[in-house]
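The values are calculated or read from the model by the stated rules, or taken from the named source; none is laboratory data. Remember, predicted model here, so these are calculated numbers, not experimental data. Reconstructed Cβ throughout: ideal geometry from the backbone, glycine too, with neighbour counts over all protein chains shown.
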C-alpha cells in the first residue's frame, strides 16, 4: 500500500497536525528512531530522515540479487 504522503526531513523528531487547519488532527510529535522512518497514526503521512534513507534504502529499492 502506498502511503498517503511521504515527507523527507533532516531531523529525527517531527510534529504532524495533518495540515488541515480545523480539519486536521491534534498535533503529535513523532520519533523517527531507530529506523529513520515513522508513520503518523492519525493521517498516515510517512516521515523519512534523508540521511538514513540514503544510507539504508528500502528493500524494494535495493539492487536485486543476481540469480544464477
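Considering 46, 13, which residue is within 10 Å of the chain's Cα centre (by Cα) and at pLDDT 90 or above?
Checking each option against the conditions leaves just 46.
Note down all Cβ pairs under 6 Å where the first residue falls in region 20-42 and is at negative phi and exposed (fewer than 14 other Cβ atoms within 10 Å of the Cβ), the second is at pLDDT 95 or above and not in a loop (DSSP other than H, G, I, E, B), and they're at least six residues apart or on different chains.
Note: pairs meeting the criteria are 27/15; 29/15; 31/13.
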